[in-house]
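No lab work stands behind these numbers, since they all come straight from the coordinates. Keep in mind the model is a prediction, meaning the values are calculated, not measured. Using ideal geometry, Cβ is built from the backbone for each residue, glycine included, and neighbour counts are taken over all protein chains shown.
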Amino acid sequence: KQEVTQIPAALSVPEGENLVLNCSFTDSAIYNLQWFRQDPGKGLTSLLLIQSSQREQTSGRLNASLDKSSGRSTLYIAASQPGDSATYLCAVLSGTYKYIFGTGTRLKVLA
Amino acid sequence: GAGVSQSPRYKVAKRGQDVALRCDPISGHVSLFWYQQALGQGPEFLTYFQNEAQLDKSGLPSDRFFAERPEGSVSTLKIQRTQQEDSAVYLCASSPKGLAGRSNTGELFFGEGSRLTVL
C-alpha cells in the first residue's frame, strides 16, 4: 500500500530564505507526482507536475525534483516571501486511480 | 466555467439527514475525483469517474456514501443518514485526461470544497 510522508510538518522561516520541503513515498511504481499549495479554507492549487519519466520541473521560484528509485521528491522555494505562507502537499499517482496525498507541510514566511 | 465549482460551500446538517454535494468540473475534463479532507490532514480518496463511468469507489467509507456523474460532466456526492464523523471538507478535482492507459497523466484542478458539519 502506497504511503506518502512529508517532512517537516511545519516550518517557519524569515523572508528571503531558500527552503526545501520533503516528500517520500513507499512504492516507487508511480505514474506522476504533483505538488500543491493550499491556503486556509481553500482548495488545492497545482504548483508542479512531474511525470515518472522526468527528474525535475521548474516554475518561477519553485523547483521540484523526483527520485523514483529512492522514493523521494523535494520542493525547493527560492527567496521565500510572506505570500508563500500556506500548506504544501505532495501527491503521487500509483496503482489504480488514486492520488495518494501526504499530510502536508505548513509553511510560514515571516516578514 | 473557468475552474472547478462546488456547491454548497458550507452545509450544516443534523445527524441523520441526507445531504447532496455538487461538483461542476472544468468543461471537457474526462476525469473527476472526490476527496475527503479532515482538519489538518491531507485529502483522502473517495471515488474516481472517467466520463460517466465510476471506475473506482474503493475510498467510499460506507454504503451511506454514493456518487454519480450520469452525463459525464456534473457530479453529485450524496451522503445518507449523516453521522458526526462525516464532518469534513469534501473536495472535487478534475483532470483533462482519463487515467486508463496512463501514457501521459495530467494535472489535477481542485474546487474550493464543500465544508460539511454534522451536528
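Once chain B is represented by equal point scatterers at the alpha-carbon sites, with solvent omitted, what log10 I(q)/I(0) does the Debye formula produce at q = 0.11, 0.13, 0.15 Å⁻¹?
Here the Debye-derived log intensity ratios amount to -0.33, -0.46, -0.61.
Taking each pair of different alpha-carbon atoms in the protein assembly as shown once, compute 1/r for the pair, average those values, and report the inverse of that mean as the Kirkwood hydrodynamic radius in Å to one decimal. Spell out each step's value before the answer.
Numbers: mean 1/r = 0.0554 Å⁻¹.
With all distinct Cα pairs of the protein assembly as shown included, I get 18.1 Å.
Where in chain B is the longest stretch that carries no GluC sites (Glu not before Pro) classed as loop by DSSP and with at most 15 other Cβ atoms within 10 Å? Spell out each step's value before the answer.
Details: sites that count: B:52, B:71.
Longest run free of exposed loop sites: B:1-51.
Residue by residue through region B:40-57, which ³J(HN,Hα) values in whole Hz follow from phi under the Karplus form 6.51 cos²θ - 1.76 cosθ + 1.60 (θ = phi - 60°), with glycine and proline marked x?
Ordered by residue, 3J(HN,Hα) equals x, 10, x, x, 10, 4, 10, 7, 9, 10, 10, 6, 8, 8, 8, 8, 8, 10 Hz.
Using the Cβ atoms and a cut-off under 12 Å, what net charge is assigned to the surroundings of residue A:73, where Lys and Arg are +1 and Asp and Glu are -1? Mind dumping the intermediate values first?
Values: positive: A:55, A:68, A:72; negative: A:56, A:67.
With Lys, Arg at +1 and Asp, Glu at -1, the neighbours total +1.
Given H placed on each backbone N at 1.01 Å, which residues far from residue B:30 in sequence or on other chains put an amide H within less than 5 Å of it?
The list, which skips near neighbours in sequence, is B:95, B:97.
Taking just the alpha-carbon atoms of region B:1-64, what radius of gyration and Dmax come out, in angstrom?
13.2, 36
Using only the Cα atoms of chain A, each taken as one equal point scatterer with no solvent, compute I(q) by the Debye sum, divide by I(0), and report log10 of the ratio at q = 0.14, 0.17, 0.22 Å⁻¹.
Values, matching the q order: -0.51, -0.74, -1.20.
Give the lysines reachable from residue A:1 as a straight Cα distance under 20 Å; neighbours fewer than 8 places away on the same chain don't count.
Cα-Cα hits under 20 Å: A:68, A:98, B:57.
Just to check I understand the Karplus step: with θ = phi - 60° and J = 6.51 cos²θ - 1.76 cosθ + 1.60, what whole-Hz values come out for region A:53-59, glycine and proline as x?
Per residue, the Karplus-derived 3J(HN,Hα) values read 7, 9, 10, 7, 9, 10, 8 Hz.
In whole Hz, what ³J(HN,Hα) sequence does region B:22-31 give by Karplus (6.51, -1.76, 1.60; θ = phi - 60°), x for Gly and Pro?
Calculated HN-Hα couplings, in order: 10, 10, 10, x, 5, 4, x, 6, 7, 8 Hz.
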